[in-house]
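Trainee: Submitted below is the structure of interest, expressed as C-alpha cells.
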Amino acid sequence: MTKSERNPNVARRTGREPAVSVSVCFYSYFKELSGCERATVTLSRGSTLGELFRKLIEQFPKLGAMQKSTLMAVGLDYEDRNYILQDGDEVSLFPPVQGG
Amino acid sequence: MGFMNRHLLITAEPIDETVLVAQRVLSSGMGAVVYFLGVVRATEEGAQISAIEYEAFQRMAEHQFHLLFDEMEKRWPIESVRLVHRVGLVKVSVPSLWVEVIAPHRGEAFAACQWLIDEMKRVVPIWKKPVEKSE
C-alpha cells in the first residue's frame, strides 16, 4: 500500500480524487434570477454548500443580490453553508418562504 | 404520548370547508376544536391584486409539515391536526389555507394552531406571486 493510499489527505493533494456532481433546483423568483429551473454543477470533493453557492453566483450573477436571504436544502432538509456536498446530492435554492 | 391524527393536503383543488367539517372526527375527551381559514386579500404590499399564484416544492413542503406535526405532538396533547394548503392560482377572497387543531382544552388548541401557522411561514417551501389587477 502506498502512502497516498493509506492517507486520504495525501491522496487529495494529488488531484486525482473524483469530483462530486450535484444537481441544483431553483424555486420561486430564483428561477427568473438564474434564467433556469435546474443546473448541474461539478465541484472538488469536500466542497461545501457555501462554496457551491459562490460558484453559482459566478454562473448566475443576479443571485448575488440574494446572498443573505437565500435558503438552501439538500434533499428535503435545510442545511447550512458548512454542509459538505456528496456526489449526487439534490440541492435546492430559494428565497424566504411565504405560505399561507 | 398520545397518537395524533394527521391529515395534510397540498392541492390545486379549491378548499371545500363543508366537506372538511363533515369529515371531522372527535373523541369524547376533546373539548376544543380550533380552525383557521386563510383567505387571499385584495391588496399585496399596497398594490391591488386579483389573485395569488402559489408555488410549492411539494415533497419538501410535505416533509417540513410533518416535522412541524412531530413537534406539535411533543408540545401539546393534540388529538388531531388537519391542514390543507392551495397551490396554483387562488383568487381574491378565496381560501388558500385551512387548518384545524383538536385538543382537550382551548388554550393548547389555539396555541398549537398559531404556532403551526407561524412555523409554516418560516420553514415550509411555499411561495406566492401576486397577480396584479389588469384594470
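Trainee: Is it the case, given these coordinates, that B:Ala103 is under 14 Å from the mean Cα position of the chain (by Cα), among the small types (Gly, Ala, Ser) and crowded, with 20+ Cβ neighbours inside 10 Å?
Mentor: Answer is no for this residue.
Trainee: Here is a follow-up. Can you tell me which residue is farthest from B:Gln58 (Cα to Cα) among those in the range A:75-89 that are facing chain B (nearest Cβ under 10 Å) and in a strand (DSSP E or B)?
Mentor: For the range A:75-89, the residue satisfying everything is A:Tyr78.
Trainee: Of the residues that sit in the range A:79-99 and are within 21 Å of B:Tyr54 (Cα to Cα) and surrounded by fewer than 18 Cβ atoms within 10 Å (Cβ to Cβ), which one is farthest from the chain's Cα centre (by Cα)?
Mentor: Filtering first and then ranking leaves A:Gln98.
Trainee: Considering the range B:17-64 alone, what residues qualify as being under 30 Å from A:Phe30 (Cα atoms), assigned to a loop (DSSP other than H, G, I, E, B) and either at pLDDT 95 or above or among the β-branched types (Val, Ile, Thr) (or both)?
Mentor: Across the range B:17-64, the qualifying residues are B:Val40, B:Arg41, B:Ala42, B:Phe57.
Trainee: Quick test of your reading of the structure: B:Ile117 fulfils all but one of (1) over 18 Å from B:Asn5 (Cα atoms); (2) within 14 Å of chain A (Cβ to nearest Cβ). Name the failing condition by number.
Mentor: (1)
Trainee: Among the residues of the range B:1-11, count how many are more than 14 Å from the chain's Cα centre (by Cα) and among the hydrophobic types (A, V, I, L, M, F, W, C).
Mentor: 3
Trainee: Still on this model: Which residues, counting only those in the range A:20-74, are part of a loop (DSSP other than H, G, I, E, B) and more than 14 Å from every other protein chain (Cβ to nearest Cβ)?
Mentor: Within the range A:20-74, A:Gly35, A:Cys36, A:Ser44, A:Arg45, A:Gly46, A:Ser47, A:Phe60, A:Gln67, A:Lys68 qualify.
The values are calculated or read from the model by the stated rules, or taken from the named source; none is laboratory data. Bear in mind that the values here come from a model prediction, so they are computed numbers and not experimental data. Glycine gets a Cβ as well: all are built from the backbone with ideal geometry, and neighbour counts include every protein chain shown.
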